[in-house]
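S.K.: My structure is below; once you've seen it, I'll send some questions.
What follows draws every value from the coordinates through simple rules; no lab data is involved. Predicted model, so just to flag it, every value in this text is computed and none were measured. Note that each Cβ is placed from the backbone with ideal geometry, even for glycine, and that neighbours are counted across all protein chains shown.
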Amino acid sequence: MREKHLFEYAVIRVVPRVEREEFLNVGVILYCSGQKFLRAKCWLDEERMKVFSPRTDLTEIRENLDAFCQISMGDKDAGPIAKLDIASRFRWLTATRSTVLQTSKVHPGFCDDPDETIEKLFEEMVLIN
């Protein structure tokens, strides 16, 4: 039997008008300390976003999502936050904020394989409408 690993995840959301608290799920970030795993997976459905919020700057959203993913991977070109340890990067990325790019509350779980788990969560939280 495969060992179960504790993981934490949050859903990444675009909140075009923060005061309205309406959002679209655009990604998932998963952290598994025991496996030294931190990864964000994002996808912006541009057509859906245009219908949801026509004035939103899609280029800016894409750049912010790319930065989010680069920081999660520890890309040295992604700035000082990306140089922090994995746990600190996850906590920074999932911190509560009032910006266009936000995350849900952090949720725990157990998994056999973090790669499989992030793919499943991504499909359930982002791709399935």
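S.K.: Using Cβ counts within 10 Å as a stand-in for footprinting exposure, how do H5, H107 rank, fewest first?
M.R.: So the ranking, lowest neighbour count to highest, is H107, H5.
S.K.: Going by C-beta contacts inside 10 Å, put M49, M73 in order with the fewest on the left.
M.R.: Neighbour counts put them in this order, fewest first: M73, M49.
S.K.: Separate question: For the chain, what are the DSSP H helices with axial Cα length of 18 Å or more and mean Kyte-Doolittle hydropathy of at least 0.0?
M.R.: For the chain, where a helix must reach 18 Å along its axis and average at least 0.0, the hits are 58-73.
S.K.: For segment 97-129, list residues with backbone N below 16 Å from a point placed 7 Å from the Cα of E3 toward its Cβ?
M.R.: Within reach of a label on E3, which here means backbone N under 16 Å from a point 7 Å along Cα→Cβ, segment 97-129 contributes 110-115.
S.K.: Separate question: With a sphere of radius 11 Å drawn around the Cβ of D115, what net charge do the other residues whose Cβ falls strictly inside it have (Lys, Arg +1; Asp, Glu -1)?
M.R.: In short, -1.
S.K.: Compute the distance in nm between two label points, each set 7 Å from the Cα along the Cα-to-Cβ direction, one at D77 and one at H107.
M.R.: Here the answer is 3.4 nm between the modelled labels.
S.K.: Using amide H atoms built 1.01 Å from N in the peptide plane, name the residues 5+ places from L101, or on other chains, whose amide H lies under 5 Å from its own.
M.R.: V15
S.K.: Please give the contour-minus-distance gain from R91 to E124: 0.36 nm per residue of separation, less the Cα-Cα distance, rounded to one decimal in nm.
M.R.: Answer, rounded to one decimal: 9.6 nm.
S.K.: Turning to a different aspect of this structure: Apply the Karplus curve 6.51 cos²θ - 1.76 cosθ + 1.60, θ = phi - 60°, to the phi angles in segment 16-22 and return the couplings in whole Hz, x for Gly and Pro.
M.R.: Computed from phi, the couplings for segment 16-22 are x, 10, 3, 5, 8, 6, 9 Hz.
S.K.: If you don't mind, there's one more thing I want to ask. Please identify the chymotrypsin sites (Phe, Trp or Tyr not before Pro) of segment 1-56 that satisfy two criteria: DSSP loop assignment and at most 16 other Cβ atoms within 10 Å. Which are they?
M.R.: Passing sites in segment 1-56 are W43.
S.K.: Here's something else I'd like to know. Return the subset of K36/K120; K50/K120; K36/K83; K50/K105; K83/K120 for which the Cα-Cα distance in this structure is over 24 Å, preserving the input order.
M.R.: Exceeds cut-off: K50/K120; K50/K105; K83/K120.
S.K.: Dipole of the chain (Lys/Arg Cβ +1, Asp/Glu Cβ -1, origin at the Cα centre): which of I86, L38, G27 lies farthest to the positive side?
M.R.: Of the options given, the answer is I86.
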